[in-house]
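The values are calculated or read from the model by the stated rules, or taken from the named source; none is laboratory data. These figures come from a predicted structure and were not determined experimentally. Glycine gets a Cβ as well: all are built from the backbone with ideal geometry, and neighbour counts include every protein chain shown.
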Amino acid sequence: MSGTADAAAAPAAATAAVLQLVDVVKRYQVGQEQVNALAGVSFGVRAGSFLAIMGASGSGKSTLLNILGCLDRPTAGEYWLNGVDVAQMSDDALSDHRLHNLGFVFQSFHLISQLTVAENIALPLFYQGLSREEQHERVLRLAAEVGVDNRLRHRPAELSGGQRQRVAIARALANNPPVILADEPTGNLDTATSRQIMSLLTTLNAEGRTILMVTHEEDIAGFAKARIQLRDGRILQIDGDIQS
Amino acid sequence: MTGLQILPLMLMGLTDILRHKLRSFLTMLGVVFGVGSVVAMLAVGEGASQQALDAIRKLGSQNIILSSVKPPEAGAEGVQRSSRMNNYGLLYADETRILETVPGVVQTVPARFMRKQGILGSQMLELRVVGTTARWFEVVSRPLLAGRLLTPRDEVGRATVCVLTESGARKLLAGRHTIGQTLRLGSTFFRVVGIVKNAEGTGGMQTPDRDTDVYIPMKTGIERFGEIDMQMSASSRSMERVELSQIIVEMRATTDVEPGMQAIEAMLRRFHKKEDYRIDVPLALLREAEATKRRFNGVLGSIAAISLLVGGIGIMNIMLASVTERTQEIGIRRAIGARRRHIVLQFLVETCVLSVGGGIIGLVLGSVIPLLITHLAGMPTVIRPYSLILAFSISAGIGIVFGLYPARRAAQLDPVEALRRD
């Protein structure tokens with residue numbers, strides 16, 4: 001462990017940063033071997049940042065994003081979220097955090113194939129307990145915002161990749177989250193579509209949302225205002241407005 | 001601010017069943033056949049068991065046979081005082097008393113036996129003449145081969161009619177054409193009205209009928225032949241008066257036989273000074289019936305266990321497969337912010353509806369199949385309530401458990417783990 005001094009200092013840093021990682025380690029058991037996906041990562045993110053997390057495959061960038069998105073828990077170290085240590089939070093509390101504060105955009109979209117576009121977008125609203133009318137109203141607005149309002153009754157399989165990612169972004173925005181996490185959001189898209197998706201994310205950042213994006217493409221990372229370079233589970237380089 | 005209520009979650013579970021039409025149909029089908037096959041197989045097994053027990057019951061396993069016996073000391077006296085009238089045996093009153101006092105008695109059949117020379121056409125045969133009532137044929141139930149049985153009207157009218165057994169008829173060279181012809185018994189002429197099958201393989205099992213019986217109405221017998229049986233030999237003449245040679249007491253069930261026998265014995269001992277009667281229970285039949293019942297209980301138990309196992313494994317597989325397939329969906333829902341219990345509740349509703357719905361359809365199917373089997377193959381089938389309850393509760397239970405288990409397991413995973421599965 002890094003010692004109690006760090007732990008005591010962390011909450012103070014967290015007042016400035018929305019998210020603060022302190023010496024985060026993530027270990028996986030692969031067969032007999034232990035693999036350190038993250039080997040002690042520390043940094044903080046201020047509200048309104050647009051951060052690109054970069055690195056070769058296997059560098060631990062997706063693991064980092066999953067931990068930031070509370071989809072995974074660190075093996076060791078601390079992750080402070082608005083001044084609360086994630087390790088202290090119950091599973092329900094983490095679910096609620098995702099439900100109200102986070103929006104996810106995945107490389108492979110992760111839409112539910114049996115649901116229509118409208119139902120997929122409405123899913124976070126459903127779990128928030130909104131009435132059908134409220135859900136419907138919000139879905140129409142979101143779909144118009146990302147440009148899929150003419151596809152609401154279609155299934156994901158009937159859409160192009162770009163359209164699917166727009167639906168996924170609409171779903172990520174449904175709960176009006178302050179933080180959006182995007183894991184290779186353009187990984188399965190062509191260049192033109194990638195650009196459209198990136199300008200959408202840039203607009204969302206301009207609205208004041210924090211965006212954390214994993215990518216390995218230099219030109220995609222160019223849309224971000226700051227970047228972290230990972231190698232073998234450690235931070236290699238930090239550029240831009242990031243607290244280390 | 002956890003605004004999500006239970007009702008919308010349950011509604012989502014229901015709409016989800018409709019969304020996955022094929023998968024829901026296949027899952028339900030698994031439960032339908034699981035339940036249906038258990039019910040149908042048990043119905044066939046129960047039918048066979050019932051048939052076997054009925055067959056034994058037809059032989060008379062729930063009968064008690066009372067016979068008149070000449071008391072030993074009286075017999076010795078009879079030899080000395082050759083012309084004395086010898087009174088012994090079962091009385092008409094005994095039959096009435098049994099019918100009125102012994103619990104569990106269905107009916108009683110009185111019979112008087114006499115040995116007579118029978119003459120039909122040119123054939124002559126020593127016959128056992130059984131003077132009895134129409135009820136004889138209910139208790140000693142044998143297939144009627146030709147003509148008709150004795151009826152209560154024959155009794156009332158003291159008709160001189162008789163029914164032959166198959167072996168007796170064969171020895172007298174009688175057949176279907178004999179119906180309506182005249183059989184001479186002693187000095188009386190009887191019209192042959194019917195031929196019944198007699199017990200096969202006599203000897204092994206105790207049965208009330210014999211090879212060469214001829215059945216006549218009891219009252220006709222008393223009227224024509226009297227109640228006194230006279231036996232003459234070179235040195236002496238003995239006369240016996242026996243009211244009834246035999247009373248067959250039919251009990252409601254084989255379990256009533258032993259207590260019934262004790263009650264009858266106690267009653268007869270009170271009214272008979274001498275021991276001029278014998279009580280027989282076709283014990284072999286009784287034991288056979290019990291053994292058969294035990295055997296079939298074993299068979300039914302194995303059928304139930306095996307078909308529940310097979311049905312259960314089928315249901316388990318399809319539930320495990322169809323829910324495990326949705327692990328990624330569960331991951332997506334969790335990533336978006338669904339709590340574990342939201343996932344579990346949604347799948348609980350889905351699996352409950354599929355299992356219970358499939359179970360109910362299965363019960364209907366399982367009840368129709370035995371009817372078809374009976375109708376088409378002529379095999380007897382019996383559906384017992386326990387088989388319906390057993391099949392439904394175990395199958396639906398397995399469906400719910402193995403539908404819920406993988407959903408719960410997926411909900412327990414870190415969302416990132418669940419998302420990775422596809």
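Do we have any residue at all in the range A:183-205 that's within 14 Å of chain B (Cβ to nearest Cβ) and assigned to a loop (DSSP other than H, G, I, E, B)? For the range A:183-205, residues within 14 Å of chain B (Cβ to nearest Cβ) and assigned to a loop (DSSP other than H, G, I, E, B): present. For the range A:65-90, filtered to residues that are of a type in the set (A, V, I, L, M) and within 18 Å of the chain's Cα centre (by Cα), the residue that is modelled with the lowest pLDDT is A:81. Restrict the check to the range B:289-297 and report whether at least one residue is touching an Asp or Glu at 6+ places or on another chain (Cβ under 7 Å), more than 30 Å from residue B:24 (Cβ to Cβ), modelled with pLDDT of 80 or more and in a helix (DSSP H, G or I). Checking the range B:289-297: not a single residue is touching an Asp or Glu at 6+ places or on another chain (Cβ under 7 Å), more than 30 Å from residue B:24 (Cβ to Cβ), modelled with pLDDT of 80 or more and in a helix (DSSP H, G or I). Of all residues in the range A:17-72, those satisfying the criterion of being touching a helix residue (DSSP H, G or I) at 6+ places or on another chain (Cβ under 6 Å) and either among the charged types (D, E, K, R) or in a loop (DSSP other than H, G, I, E, B) (or both) are A:26, A:55, A:70, A:71, A:72.
Within the range A:206-220, the only residue that satisfies the criterion of being surrounded by fewer than 20 Cβ atoms within 10 Å (Cβ to Cβ), under 17 Å from the mean Cα position of the chain (by Cα) and in a helix (DSSP H, G or I) is A:206. If you go through the range A:108-159 and keep only what is in contact with a helix residue (DSSP H, G or I) (Cβ under 8 Å, 6 or more places away or on another chain), free of Cβ contacts under 8 Å to residues at least 12 places away in the same chain and either at positive phi or not acidic (Asp, Glu) (or both), you end up with A:126, A:129, A:130. Of the residues making up the range B:21-33, those that are surrounded by 17 or more Cβ atoms within 10 Å (Cβ to Cβ) and either β-branched (Val, Ile, Thr) or within 14 Å of chain A (Cβ to nearest Cβ) (or both) number 5. Taking the criterion of being polar (S, T, N, Q) and either within 14 Å of chain A (Cβ to nearest Cβ) or touching an Asp or Glu at 6+ places or on another chain (Cβ under 6 Å) (or both), the residues of the range B:302-357 that qualify are B:322, B:327, B:328, B:346.
Going through (1) within 13 Å of another protein chain (Cβ to nearest Cβ); (2) in contact with a Pro (Cβ under 7 Å, 6 or more places away or on another chain); (3) buried (at least 20 other Cβ atoms within 10 Å of the Cβ) one by one, residue A:173 falls short only on (2).
Here residue A:168 meets the list (1) outside any helix (DSSP H, G or I); (2) in contact (Cβ under 8 Å) with a residue 40 or more places away in the chain almost entirely, failing just condition (1).
The condition of being within 14 Å of chain A (Cβ to nearest Cβ) and surrounded by 18 or more Cβ atoms within 10 Å (Cβ to Cβ) does not hold for residue B:36.
Restricting to the range B:330-344, give me the number of residues that are among the charged types (D, E, K, R) and either touching a Gly at 6+ places or on another chain (Cβ under 6 Å) or surrounded by 24 or more Cβ atoms within 10 Å (Cβ to Cβ) (or both).
So the count comes out to 2.
Considered as a group, the residues in the range A:95-146 that are facing chain B (nearest Cβ under 9 Å), farther than 25 Å from residue B:7 by Cβ and hydrophobic (A, V, I, L, M, F, W, C) include one that is surrounded by the fewest Cβ atoms within 10 Å (Cβ to Cβ), and that residue is A:106.
From the list A:236, A:230, exactly one residue is touching a residue at least 40 places away in the same chain (Cβ under 8 Å), part of a strand (DSSP E or B) and buried (at least 19 other Cβ atoms within 10 Å of the Cβ). Which is it?
Testing whether each residue is touching a residue at least 40 places away in the same chain (Cβ under 8 Å), part of a strand (DSSP E or B) and buried (at least 19 other Cβ atoms within 10 Å of the Cβ) leaves just A:230.
Looking at the range B:132-230, the strands (runs of 3 or more DSSP E) lying wholly inside it that each contain 1 or more residues that are more than 28 Å from the chain's Cα centre (by Cα) and touching a residue at least 60 places away in the same chain (Cβ under 8 Å) sit at B:182-185, B:188-196, B:213-217.
Scanning the range A:147-165 for residues that are among the acidic types (Asp, Glu) and either assigned to a helix (DSSP H, G or I) or within 14 Å of chain B (Cβ to nearest Cβ) (or both) turns up just one, A:158.
Summed over the range A:68-84, the residues that are more than 9 Å from chain B (Cβ to nearest Cβ) and either crowded, with 19+ Cβ neighbours inside 10 Å or in contact (Cβ under 8 Å) with a residue 60 or more places away in the chain (or both) give a count of 10. Condition first: within 30 Å of residue B:56 (Cβ to Cβ) and loosely packed, with under 13 Cβ neighbours inside 10 Å. Now tell me which residues in the range B:114-147 satisfy that. Within the range B:114-147, B:143 is the sole residue that qualifies. Residue-level check: of (1) outside the structural domain of residue B:362 (by TED's automatic domain parsing); (2) buried (at least 19 other Cβ atoms within 10 Å of the Cβ); (3) basic (Lys, Arg), residue B:273 misses just (2). Output yes when any residue across the range B:97-106 is assigned to a loop (DSSP other than H, G, I, E, B) and modelled with pLDDT under 85, and no when none is. No, every residue in the range B:97-106 fails to be assigned to a loop (DSSP other than H, G, I, E, B) and modelled with pLDDT under 85. Pairs needed: first member in the range B:255-266, without any contact (Cβ under 8 Å) to a residue 24 or more places away in the chain; second member anywhere, surrounded by fewer than 18 Cβ atoms within 10 Å (Cβ to Cβ); C-beta distance under 7 Å; at least 6 residues apart or different chains. Sorted first by the residue in the range B:255-266, then by its partner, the pairs are B:265/B:279.
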